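The structure appears below as structure tokens.
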Amino acid sequence: MPFIMPAAVIGTGNLSRRITEQLLVRGAYVVVFASSRKDSSSSQEEIPRGSIIVRLDYRDKRSLISAFTTYGVEIVVSCLHGGALDLQPGIGDAAKQAGVKLFIPNDFGFPLPGHTQSTSVAREGYAQHMTRIDLPTTRVLIGICAEGIPWLVASSSAPGKVSIVGSGNVQASFTSIIDIAGFIGHVLTSYSISQLANQVFRLEGQSATLHEIAAMYGKEAIQVDSVDDPYATYTQKQIDLGLGRCGHGARNSRMSSEEAELIVGASKAWWPGHVWRNVRGALPGF
């Protein structure tokens with residue numbers, strides 16, 4: 001029997017929209033919290049039909065508590081990103097006071113051990129905050145969104161090529177945004193909150209090196225000192241250190257590929273029968 005509970009999805013970007021869609025098709029009652037601030041990029045077109053939209057200030061604790069309570073929200077999925085990530089602890093506080101039972105923070109990235117970049121450190125801090133206030137979490141690690149590969153390897157000095165920082169010979173996890181959203185939609189409507197509480201899921205559609213990705217698309221790979229986006233440069237350096245596979249982060253970055261695949265497989269088993277997209281399936285071309 002499915003466990004259909006009122007869920008709030010925080011944010012209105014691409015991942016938020018896809019998670020909302022996946023919850024709706026499984027019969028969930030979904031409220032989308034969109035920012036009411038004038039500098040917000042949210043628009044009505046980004047909100048899937050069938051969901052309820054609530055516009056509020058993510059910094060306004062009383063408004064958050066009121067909205068969570070009004071709609072009987074039991075599960076919160078945060079899709080905030082960039083500078084808005086810092087708002088997650090406050091949203092967690094409001095959720096706890098309103099009786100929310102499960103919080104999924106935006107943890108959609110690499111496993112954290114070994115990462116020192118501020119965003120990664122902050123992600124761990126957010127999770128620890130939820131633990132301190134006794135709000136159960138479910139963390140979903142995905143490596144890199146496969147659809148984000150063009151961003152990862154883009155260099156204006158070498159258009160049309162795969163620009164590589166480091167060796168480019170170390171495997172990383174790539175997962176389609178469609179599979180990420182589908183997995184979240186599936187587990188939230190197929191398992192109880194007690195089963196999901198404090199789980200850490202490690203997803204992977206395919207592991208590949210950047211040289212392998214260049215070969216997949218018939219593109220020339222070149223070595224560079226940096227790519228266009230500083231965070232993409234950082235990401236490539238972390239991959240080269242062996243910190244890019246979701247399975248590795250469960251214990252260390254030195255375990256075998258087979259061990260890493262077993263760890264990832266244990267998480268993917270929560271969605272039995274699903275065929276996960278490989279890199280080309282997620283990103284036919286770029």
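The values are calculated or read from the model by the stated rules, or taken from the named source; none is laboratory data. Since the model is a prediction, treat every value here as computed from it, not as a measurement. Please note: Cβ atoms are built from the backbone with ideal geometry, for glycine as well, and neighbour counts cover all protein chains shown.
In region 110-138, the residue that is nearest to Gln236 (Cα to Cα) out of those that are at pLDDT 95 or above and under 20 Å from the mean Cα position of the chain (by Cα) is Thr138.
Of everything in region 40-81 that's surrounded by fewer than 16 Cβ atoms within 10 Å (Cβ to Cβ), of a type in the set (Asp, Glu) and within 23 Å of the chain's Cα centre (by Cα), which residue is modelled with the lowest pLDDT? Ranking the candidates gives Glu45 first. Checking the structure you have, find out if any residue of region 186-195 is on the phi > 0 side of the Ramachandran plot and exposed (fewer than 15 other Cβ atoms within 10 Å of the Cβ). Checking region 186-195: not a single residue is on the phi > 0 side of the Ramachandran plot and exposed (fewer than 15 other Cβ atoms within 10 Å of the Cβ). Within region 19-33, the set of residues being surrounded by fewer than 24 Cβ atoms within 10 Å (Cβ to Cβ) and closer than 21 Å to Ile91 by Cα comprises Tyr29, Val31.
The residues on offer are Ser253, Ser190, and the sole one that is within 30 Å of Leu102 (Cβ to Cβ), modelled with pLDDT under 95 and out of contact with any helix residue (DSSP H, G or I) (no Cβ under 8 Å at 6 or more places or on another chain) is Ser253. Residues considered: Pro111, Pro159. Of these, the only one that is part of a loop (DSSP other than H, G, I, E, B) and under 30 Å from Ile75 (Cα atoms) is Pro111.
Within region 129-150, the set of residues being in a helix (DSSP H, G or I) and farther than 14 Å from Ala197 by Cα comprises His129, Arg132, Ala146, Glu147, Gly148, Ile149, Pro150. Among the residues examined, Ile263 qualifies as under 15 Å from Phe110 (Cβ atoms) and β-branched (Val, Ile, Thr).
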